[in-house]
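Rule-based calculations on the coordinates, nothing more; no lab input. Predicted model, so just to flag it, every value in this text is computed and none were measured. So basically every Cβ, Gly included, is an ideal-geometry build from the backbone, and we count neighbours across all protein chains shown.
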Amino acid sequence: MSDTPNFRNISHSLTNVHEELSVEQLELYQEFITKSLAFKKAEEALLSAMDQEDGGDQKTSDTLRTIRKVLDDPSYRLSGSECVLLACLYKELEGSEHLETKQINIYLHSYDRKPANTTKIVDTLEKKHFIKINSDGLHSHKSYRLTKDGQNSAWSLIDRLTDEDGNERLAVMK
């Protein structure tokens, strides 16, 4: 890069700047350079933090992959509640703000994991404080979110089923 004409022009200008500027102008220029350097350091720190955040995206995608693997493998004997918890966590990690039983039913059905009555399971999970229901119609699809306890329970289930690298941890029924 030091051989490019632009770099040579900048280098020449910087070495001769003291001859062209007054003392006051040089002090202002020095202040400008100091602030520019601080800005550049802050920009690099921000980019570094964003790169670290991408690691969070990687962890999220690994978790989504693990959930799909568990749900797709019929040798994992999961209860209806466990299936619903995993499906809810999956949808929330994808960015869904509110979940509905129809949405969860379709997702679980795509893995042949649809519980007999998701609405009843959601009611049970609400009683355990794993789910917070936003709307409650007697025979309607409910809108809800996982609570912190529900999220912790889903993460705990994933941890029981896999090790830190996403590999199977428990012996599964074959």
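The table below gives the values:
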{"read-out": "Calculated FRET efficiency for the pair Asn152/Ser11, C-beta based, R₀ 45 Å, to 0.05", "value": "0.20"}
{"read-out": "Cross-link table Lys91/Lys148; Lys59/Lys120; Lys59/Lys91; Lys35/Lys59; Lys102/Lys128; Lys41/Lys148, entries beyond 27 Å C-alpha to C-alpha", "value": "Lys59/Lys120; Lys35/Lys59; Lys41/Lys148"}
